1. Ordered by residue, what ³J(HN,Hα) values in Hz, to whole numbers, does region 279-288 give under the Karplus form 6.51 cos²θ - 1.76 cosθ + 1.60, where θ = phi - 60° and Gly and Pro are x?
2. Once phi is turned into θ = phi - 60°, what whole-Hz ³J(HN,Hα) does the Karplus curve with 6.51, -1.76 and 1.60 give for every residue of region 88-100, x standing for Gly and Pro?
3. What does the charge dipole of region 238-391 about its Cα centre add up to, to the nearest 20 debye, if the Cβ of each Lys and Arg holds +1 and the Cβ of each Asp and Glu holds -1?
4. Given the pairs LYS190/LYS214; LYS214/LYS383; LYS190/LYS383, which span a C-alpha to C-alpha distance of over 30 angstrom in this model?
5. Using a 1.4 Å probe on the protein heavy atoms only, what accessible surface does VAL430 show? Give it in Å² to the nearest 10.
6. Starting from the 7 Å offset along Cα-to-Cβ, what nm value, one decimal, do you get for the label separation of ARG195 and ASP165?
7. Which order do LEU108, LEU373 take by accessible area at a 1.4 Å probe, largest first?
8. Ignoring ligands, DNA and RNA, please state the percent of accessible area on region 261-448 from carbon and sulfur, probe 1.4 Å.
Amino acid sequence: MAHLFYHLPFLPFLFLFLHFIASLSSPTQNLNDTLSFSFPLTSLRISPDIKVQTLSSSLVAGANKHGTRRLARPNSGSYNYKTTFKYSMALIVALPIGTPPQTQQMVLDTGSQLSWIQCHKKLAKKPPPTASFDPSLSSSFSVLPCNHPLCKPRIPDFTLPTSCDQNRLCHYSYFYADGTLAEGNLVREKITFSRSQSTPPLILGCATDSSEDKGILGMNLGRFSFAYQSKISKFSYCVPTRRTKPGVSPTGSFYLGQNPNSHGFQYINLLAFPQSRTMPNMDPLAYTLPMLGIRIGAKKLAIPMHVFRPDAGGSGQTMIDSGSEFTYLVDEAYNKVREEVVRLVGPRLKKGYVYGGVADMCIDGNPVQFGRLVGDMVLEFEKGVEITVPKDRMLADVGGGVHCLGIGRSNMLGIASNIIGNFHQQNLWVEFDLANRRLGFGKADCSRAAV
């Protein structure tokens, strides 16, 4: 199966957002009940690194006449939790893991499946991260043995590279795109929210060797994602605008479970494809959206609709991803956007400049004039649903007085997908209604203390 390389071109601290190799089917579940949790999120600045996903498997459910399928989910409780988070380039969730709970920092990533945490290693050659998880302190921690079905190589529903370690425990290793390594054991552990509320034991990666001090919270449609294993029927977040006073991070909101704001949301059905197992460029576990087109200012760009839909090989899939900062477009769409931007701003663009190897629509100086010339950008979807990017949020500050349109070219990453990143989800509720296989959007001032 082919790999997707999601490029995240930002800034000073090394952090690799990745999509793990994890291809899974989704068993039948009951949709009537919901489980809801919330966690504190903080921001993280990241560098021009790559995130990875391997594509395989397909969701198990019946397709309806519109080509969408409903994901069944297990019986669950009726808990509702909400909290605030801070945001700059990415979302970092603080999870209370274990019994008693130890707080762990994890990247909230709707494009990944397997979640993993940093684990304390008693005999490490170097001191472990100060916030790493110490399994010896948790009474609910257990390690998967080698004879566990998930530890068998090349099984149909899980392709994370695994092996038996010297203790006959299930060991996994994963190489990041830049060559760094994360490895450890597959384990089971609870998320303990209070004395009376916790998840069932979840399958996680317990990384003992990694160059990163944050884990991953996988939230895609796979059956080993946190959302699926926790029996959550929906979750939502509201990403605030990034511009703020120096040293102050904007604050938004995050729900696991019912969102009281959802009465005002507009919904679109997620797309799924029964034949996705045979589509090498298709990610069947991503949140695939029915995108129709793009407007810049008052002009509808001449981009054929098929550019935003998967072809026979899966190329052209349009997905939404909280773990990707920028939005990425395939060439046919990107070229039309660039053509219109060049027409409107002309010589103001930096010549010969490409940020992070993917973004070549950048300027020096004041971004306000750019916004006045270009206007708003609108992403169009089925049912009349739109994501509007106001003119004053068209450009991302990439440092050194340079501002770039928050859109990159997919083929520079070696992928053939359209990806809507978190930069274009600002001031917007995004609800992932897993039980009904739909996505909801609602405009909001996400920077308010309570939204």
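The values are calculated or read from the model by the stated rules, or taken from the named source; none is laboratory data. No experiment lies behind these values; they were computed from the predicted model shown. As a convention, Cβ positions derive from the backbone with ideal geometry for all residues, glycine included, and neighbour counts pool all protein chains shown. Accessible surface is based on the protein model in full, side chains and every heavy atom, while ligands, DNA and RNA are left aside. Shrake-Rupley method; radii C 1.70, N 1.55, O 1.52, S 1.80 Å.
1. These are the phi-based 3J(HN,Hα) values: 9, x, 9, 9, 9, x, 9, 7, 8, 8 Hz.
2. 10, 10, 8, 9, 10, 9, 9, 9, x, 9, x, 9, x
3. Taking the Cα centre of region 238-391 as origin, the dipole is about 580 debye.
4. Violating the 30 Å limit, Cα to Cα: LYS214/LYS383; LYS190/LYS383.
5. VAL430 exposes around 0 Å² with every protein chain in place.
6. For the pair ARG195/ASP165, the computed spacing is 3.4 nm.
7. LEU373, LEU108
8. Carbon-and-sulfur percentage of accessible area, whole number: 51.
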